[in-house]
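Below is one structure, written out as structure tokens, with a few remarks after it.
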Amino acid sequence: MKITQKGSFCYTRQAQRILFSGLLLGASATSGGPAAAQRGQTRTPVKSAVPIRAAQESGAAQVTTAADNPALSDLVSEVEFFRLDKPTGDGRNALTLLRLDKGPSQKSLETRRITATVGEVRTEFNDAGEGVDQKPDDGVFTALNRIDFAEMEKQEVAFLERLRGVKRPAIKTFSGRGVSGTIRVTADDLLRLKAQVPVRRIRLDDGVQAVSVASVFGVLKMLPFTAAENKVLAVNASNVVAHPGFTFDPCDTDGTGNDVNPNNPWSFKTLMSNLNQGTGLTDQQFIHEWLGTWMVSSTVNSFELPARTGITDYFVGWDGLNASTLDIDNLPFRLLAVVNRIDLAKVSYASSSEGEIRFVFGLLNPVTCLPAAGVDQMTAIFEYADTASSCGAIKNRAQEWLDLDTLALGSVAYMNALKAITDDVTEAPQAAAQLNQLRTNDFAFDGIGSLSDDWNLREFVVNAGSGLLTPTTTKQTPDMSFRTGSPVTAQYMEDNAVQILCETHEVPENYDGSPFLGANVEYLSTFFWSAPTNQGNLPNTFPGCHNSDASAVSGAVTTPTHIQSELRHKLSLNTCDDCHAQETDTSFTHVNPVTRAFSGFMTGITVGDPLLGGLASGGIDRSFDDLQRRGQILEQLAVDSCGPFIFASDFFRRTVPRTFVH
């Protein structure tokens, strides 16, 4: 890869062509970026009443924290960090600077202080000219802190070694969930870029110098994924998900001999039983109560949750009324996949929250003792909140997932390592507390061979009072009566256009005084959300926080039409049904319940806009490759430091909108 020098930073010729995608960090996020360049490469000494130590927080000072301002992480435009040539008396070895965008949202920072987490330590940064801050009110917040530079170097060496083992390493640039470009990059390319990062120095009091530290992790805003997707992201290999020592399939459909022990750790019975905490019921009664929710009609958020009594066809001997008739040792489910959703974790300088670990099951046909196919398909997904919720814990979890790549699929070492990760959320008694939701997607429960009802999506949570699995609203999805041509949905979209375009919206239970969020969703693969929005009531331009999923837009599409289309698409993509339908060209499930194959949305596909058509017909194309997106996030989390890089990179803001639930 040829390197081109331009200005104060280096980038590749390939990178020039996709610079618009935000791939290259360049000077703005290498150690000592434009904030340093604007003042010269050697700064004047910092004037401080407290030499070389963090400014003391005064009793009267009010500190803006992530809790006070959840959007704080969106304000950070640049981070610089430097190594001190002489640590402070309390062991601080680094100087870190945060540059914040100026704007209306900065009114909350009038105290000129913010609190950020650096290396698991809450640290106060100030822009008041105090301590080590050089100039007040310049938008640069400064603090001394501790950074494990040796660990960063160790991570870099390990990452480059993994990268050299990849045949054709590539980075895909993502905007939201859409693929916007691809660049091939090698370990040697990254090392050449690192070598050309200029060294910058800041002189502090008492002659101490802070010197910028270059890293390959600071050269690009995102890193290539170095592992096998089917080992660390979405595991569907039969020697894992049909392993006779870990799983149970009463029909032994994979021929692995896993029809022996229904109490294996990853059996449907075991995962359900582990949710039964404090109910006073037997496991048989607990599971019966859950299945019984399909036997009677009920309401959630005032919307009907219809009965689908054909469910009894699939549970031999169960009458739907008496728990004693349910055979929980032969529940008709087999494990399809174990899915790593650490990409749902939110990590920034301001805060962090956990990702998810998911177990996907498919229904079996008790008549044929084969995977239920055709009009009898169904999946059930246990979606657990990971216990890793701090930056350091999330980073360690990411490394644990990556370490699976070094082990043979289905080997004793691999199975034990994967179980060690998942035990944190699946085992009793913590399983009930860790379950975020259980989602079902069925075409089956109108009865074996019946085609009387559409596909039906439901969502269940562990009830805080009873401890039972009870139906809840389908998140981010209004009731299906609002799906097509609804003036209510149109008004909601117009009222919340910026939030929807930026994927920070949360569909409320009630809108305009009436119930809005749905109780379940019935749908077909041709469905998508569309409402008659008025272009005159929408923004004239895309908001700065918008990340377009479009990979190609026809010249025939005007800006107002493009904005209107993106608004419709962002709402539709984030609903439960249309993430599984025409918006992603998916045939109902992202894990096929018969073959275990993953959808094109997960493995790579280009989809024309459902309403405007694709590029060839004068509309918009959108490309997806969600496993690659998840993999690059995993890589970034594993190798980045909880100090500068994780909270510096806008990669997470561009690829992990706050409202992803799928």
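The values are calculated or read from the model by the stated rules, or taken from the named source; none is laboratory data. The structure displayed is predicted, hence computed values, not measured ones. In this analysis, Cβ positions are derived from the backbone assuming ideal geometry, glycine residues included, and neighbour counts consider all displayed protein chains. Accessible surface areas use protein heavy atoms only, side chains included; no ligands, DNA or RNA. Shrake-Rupley method; radii C 1.70, N 1.55, O 1.52, S 1.80 Å.
Just a few scattered comments:
- Distance from segment 355-405 to segment 250-271 (C-alpha centre basis), Å: 16 Å
- Stretchable slack from Asp85 to Thr299, in nm (0.36 nm times residue separation minus alpha-carbon distance): 70.5 nm
- Near the amide H of Gly181, within less than 5 Å, lie the amide hydrogens of Thr173, all on another chain or at least 5 residues away, with H placed in the peptide plane.
- Around Pro244: net Lys/Arg minus Asp/Glu count, Cβ-Cβ under 13 Å: -3
- Taking every protein chain into account, the 1.4 Å probe leaves His288 with about 20 Å² of accessible area, to the nearest ten.
- Cα gyration tensor category, rounded, prolate or oblate, for segment 353-499 with a/c compared to 1.5: oblate
- Cα gyration tensor shape of segment 419-570, rounded if a/c is under 1.5, else prolate or oblate by comparing a/b with b/c: prolate
- Separation of segment 554-602 from segment 116-194 is 32 Å, based on Cα centroids.
- Probe 1.4 Å, all protein chains present, accessible-area order of Lys135, Lys346, largest first: Lys135, Lys346
- Cα gyration tensor, segment 563-646 - rounded (a/c under 1.5), prolate or oblate: oblate
- Between segment 478-506 and segment 281-297, the alpha-carbon center distance in angstrom: 34 Å
- Ranked order, Glu289, Glu80 - accessible area, probe 1.4 Å, largest first: Glu289, Glu80
- Extension gain for Ala158 to Val199 (0.36 nm times residue separation, less C-alpha to C-alpha distance): 12.4 nm.
- Subset of Lys86/Lys395; Lys346/Lys419; Lys346/Lys395; Lys86/Lys194; Lys221/Lys346; Lys172/Lys231 violating a 18 Å alpha-carbon distance limit: Lys86/Lys395; Lys346/Lys419; Lys86/Lys194; Lys172/Lys231
- Solvent exposure, largest accessible area first (probe 1.4 Å, DNA, RNA and ligands not counted), of Cys369, Cys579: Cys369, Cys579
- Karplus-derived 3J(HN,Hα), 6.51/-1.76/1.60, for each residue of segment 567-576, Hz, glycine and proline x: 4, 4, 4, 5, 5, 5, 4, 8, 7, 5
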